[in-house]
Structures are given as structure tokens and as C-alpha cells.
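Participant: Got a structure for you, questions after.
The values are calculated or read from the model by the stated rules, or taken from the named source; none is laboratory data. Just so it is clear, the model here is predicted, and its values are computed rather than measured. Here Cβ is always computed from backbone atoms with ideal geometry, including for glycine, and neighbour counts include all displayed protein chains.
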Amino acid sequence: MPANRQSGSSPIMRFFRSLYLTNRFFIALILCVLGFFASFIFEEFFFIMQVIFGVIVASFLLDILTAYRQKKGIVASRTCPDRLSNGDINTISISITNRYPYNVRIRVIEEVPFQFQKRDLNFDMNLSINSTEVIYYDLRPTERGQYQFGALNIYASGIFGFISRRYIFDTNKDVAVYPSFIEMHKYELLAASHRLTDYGIKKIRRIGHATEFDQIKHYTAGDDPRTINYKATARMNQLMVNTYQEEKSQPVYCLIDKGRTMKMPFKEMTLLDYAINSSLMVCSTALNKGDKAGLITFSKNIDEILPADKQRRQRNKILETLYAQKTDFKESDYERLYVTVRRKITQRSLVILYTNFETVNGMRRQLRYLSHLAKDHLVLVAFFLNSEFNEVLDSTPTNLDETFRKGIAEKLSNDKFLIVKELNRYGIHTILSKPENLTINSINKYLEFKARGLI
């Protein structure tokens, strides 16, 4: 049903607030005025103009009568999920039904949340008698939080197109923008259909043997002779072998730096949001593999600790925790992080730290704590490659200013690779990735560790 913003006003005021004159009416009125001016010169035009003016007035009144004769000449609704996926394309639909006894031309003006900064989202279309049309449009949110849709405005023209009647539907609908759950569901579907290579996930051959016992089975050609179970063979009087499965229930923690270095924007999203989206995917993958997944978020203080678990409700806990993350982008305290990890994570775990180091000196200030963490855990540091440097590095300087810019870009770009080498020297694994590739690279690294038996 239409939502009336002036429900307390009188019917006459509601009528005038919903009545809009179209361009066709003003064009007809201007032509009529010009015709009357011309009739001062050519008197025989005066009677013709009176007839034309009468026709315009009659058409105008008939337009009002036909547009307002039915209380609900147009019925419309917006179909929008309660949750939108951050950084992904979300499809919204608008269904419009014409209940007028004539074909009507309508204009749809959609009031999307102000965060999208779209002031011109409108659609023009013709609706046949008793027909329903569905309009689809896409929105790509770039920050988490609460969003509010405004009114869905429908302007229905009269039969002659001199006036439009305004209908208002679906006002003030709130939706929440969560981390990229669309990508998470897409990954799960591809995993179920064994098509992960379509997503960019590499097929990694397992190195060595799994060590977690699964079952004893009959020997078949091709089984490793080293797995023969001689006691079971003697008991069953036929060759029996032990089978092993991939180790499960290994803790996987995503540590998300919410400090000032994560504020840098890329394609309208901050590095922090890329890290949050990647953490959701890695945790979901770990849960699918039977491992435990947990979170720690920090900046100046430790903001959130979600202990690793593999229960079914853990995925939703992770999603809600990541959705609620807020930060003022202050300097991160790695010493506090190290103390917290030592105290809270007592079992050897895969620890994935999402952060951003721009300079070697900036990394060295935190190296002491990272190297201590690497003694107790398998540490993977994921940080970002500034792909916008490529344009500067590939350009040919034409003046002194451009030469300085290229030199600075080369130094900062080289620093990233020096950071990788120095971290590797201390037994710390690294991912240096473009923001848009962070999720895929993180999952591939996790699967590589599983294949190598490191976790």
C-alpha cells in the first residue's frame, strides 16, 4: 500500500501534494498563449484558439478525473534482502502493477541510501492495462553498517499526459551491509560441485602422508605397502591397510589490524574491509575443512576475541563479529597483541595477520613481536601491494617532478619485497597481494599449508 507521508493532512492537501503538472501541459499552455497573441494580428485565429484552449482545459480535467478515479491505480513494491553484501553486486527489484483501465506511462524515482550518492536513479516505462512489470537494478555497497532506503516514488500520467499522480511506497526500509557473504556462498557452491578452479583456487597435490588415523580397509592395488596393518591382516587372513585422513580440528585464527595503515582506500573500499572480507572467506573455508576458526581484532586496544571453534553456529558468530567492527584508525599496539595471543591461544595454531606495512622500518618496529609469535604458531602475514604504483612505474618521466614521483614509487614498491624477504628469514610466511586478490591468495595459502601438513 502507498505510504502517505502527510497522513495527518486534509484530503485536499493530499490531493494537491500528489498532483504534478507535466512538461506536456506547460508546452500546450505556452503554445496556447502564443496562439492568443497571434490572434491579435489575425483575428480569425481567435475563435480557433478558444476552441483549442477549451479542449486543453477539458483534457486537463479529464486527466485529473481518470488519474484520481481509482484509489489504487498503481501498486508497487521493492524487493530487497535484509542484508547486503559488502563489496559485491546486490540486485534489487521493483514490481509495478497497473490497475488503471488504460495504458499508463509512469516514471519511477527510487530513493536509495545516501551512502551510494545516487540522485538520478529513475526509470521511465509504459504499462499496459492490468499488467505487471519488474525493474531490476544493482547496488554495490563499499562500507559496512546500517543503510536506509527512502521512498519508492511512482508518477503515473493521466490519459492525455497533462498531469501525473504521485504514489509513495515502501518508505524508510532499513538494511544491514555485512561482509562479503555472497562470495562465501559462491565459494561453497563451487566447492560442492568440485569447480573451485573457476574461483581461482589452485589444485594442490598433497605432500607426504596424513597422520590422522581414519579406518582399516582391505588392501587394493595401488595402496601404499607401508600402511599394511599386520595384526589385522593376520586376524582377517587377508591383506588389510590403515587409511589416514587430513588432520582436522586445527585452530585457525584471523588477526585483523584496524590501525591507521588499514584506512587507505582502494576501489572505494578501505584495506580494512578487504581484510574483513578475506577473513570471512578463510574462516568459512577452515570450517568446511573441519578446522576450528576464530578471530582477534585490534588497534590501540584488543577490541574483539572470538575463540576458535568448529560448531555450526561459529560461521554466523564470525559474520556478526566482523559486521560489528568499528575503528578510529589509531596506531596499532603489537605488544598488546602478542601478550593477548600468548595468553588466549595456548594450542599451536595457524595465525593469519591482516595488516599493511608500507616501509621496512615500519615492519621492523613490529618484527620483534611477530618473530616471537612464530616460535609458538604458524604465522602468516598478509599485507597489500599498491597496484596504483604500476602506472607510475610504467610511465616515462617528462620533467623533474615526475622523475621524483617515479623514484619514490620505485622505493616504496621495492620496500614491499624487502619486507617479504626479511619476514621469511624469521620463519614468518607472507602474502603480498593486491587488495582485490587478497581473498583468493589467502585461501590458496591456507590450502597449501594443509597439503604440506603444516597444520
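Participant: Please go through segment 252-275 and give me each residue that is of a type in the set (V, I, T) and in contact with a Cys (Cβ under 9 Å, 6 or more places away or on another chain), ordered by number.
Facilitator: Within segment 252-275, just V252 meets the criteria.
Participant: For segment 173-187, which positions are more than 8 Å from the chain's Cα centre (by Cα) and in a strand (DSSP E or B)?
Facilitator: Those that are more than 8 Å from the chain's Cα centre (by Cα) and in a strand (DSSP E or B): K173, D174, V175, A176.
Participant: Inside segment 191-300, counting only strands (runs of 3 or more DSSP E) that do not spill past its ends, which hold 3 or more residues that are closer than 30 Å to R140 by Cα, of a type outside the set (K, R) and modelled with pLDDT of 80 or more?
Facilitator: Output list reads 251-257, 292-298.
Participant: Something else: Pull up segment 339-353, narrow it to residues that are surrounded by fewer than 18 Cβ atoms within 10 Å (Cβ to Cβ) and in contact (Cβ under 8 Å) with a residue 24 or more places away in the chain, then point me to the one that is nearest to I256 (Cα to Cα).
Facilitator: My answer is T340.
Participant: Restricting attention to segment 34-47, which residues are among the hydrophobic types (A, V, I, L, M, F, W, C) and surrounded by 12 or more Cβ atoms within 10 Å (Cβ to Cβ)?
Facilitator: Residues satisfying the conditions are F36, A38, F45, F46.
To keep it simple, each residue is scored yes or no on (1) surrounded by 13 or more Cβ atoms within 10 Å (Cβ to Cβ); (2) modelled with pLDDT of 95 or more.
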{"residue": "I94", "(1), (2)": "yes, yes"}
{"residue": "P101", "(1), (2)": "yes, no"}
{"residue": "V104", "(1), (2)": "yes, no"}
{"residue": "E111", "(1), (2)": "yes, no"}
{"residue": "Q115", "(1), (2)": "yes, no"}
{"residue": "L121", "(1), (2)": "yes, no"}
{"residue": "S128", "(1), (2)": "no, no"}
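Participant: Okay, moving on. Restricting attention to segment 396-438, report how many residues are of a type in the set (F, W, Y) and either in contact (Cβ under 8 Å) with a residue 24 or more places away in the chain or farther than 29 Å from L280 by Cα (or both).
Facilitator: Adding up the residues that qualify gives 2.
Participant: Now for a separate question. Mind checking which residues of segment 264-298 are more than 17 Å from D88 (Cβ to Cβ) and either among the hydroxyl-bearing types (S, T, Y) or in contact with a His (Cβ under 7 Å, 6 or more places away or on another chain) (or both)?
Facilitator: Within segment 264-298, T285, T297 meet the criteria.
Participant: Pairs needed: first member in segment 19-30, within 14 Å of V57 (Cβ to Cβ); second member anywhere, part of a helix (DSSP H, G or I); C-beta distance under 8 Å; at least 6 residues apart or different chains.
Facilitator: F25/F60; A28/I56; L29/I56
Participant: Would you confirm whether any residue within segment 373-380 is out of contact with any Lys or Arg (no Cβ under 8 Å at 6 or more places or on another chain) and under 17 Å from K258 (Cα atoms)?
Facilitator: No; the residues of segment 373-380 include none that is out of contact with any Lys or Arg (no Cβ under 8 Å at 6 or more places or on another chain) and under 17 Å from K258 (Cα atoms).
Participant: Residues that are within 25 Å of F266 (Cβ to Cβ) and more than 27 Å from the chain's Cα centre (by Cα), at least 1 per element: which strands (runs of 3 or more DSSP E) completely within segment 302-406 meet that?
Facilitator: 378-384
Participant: Condition check: under 15 Å from T430 (Cα atoms) and in contact (Cβ under 8 Å) with a residue 24 or more places away in the chain. Does N356 satisfy that?
Facilitator: yes
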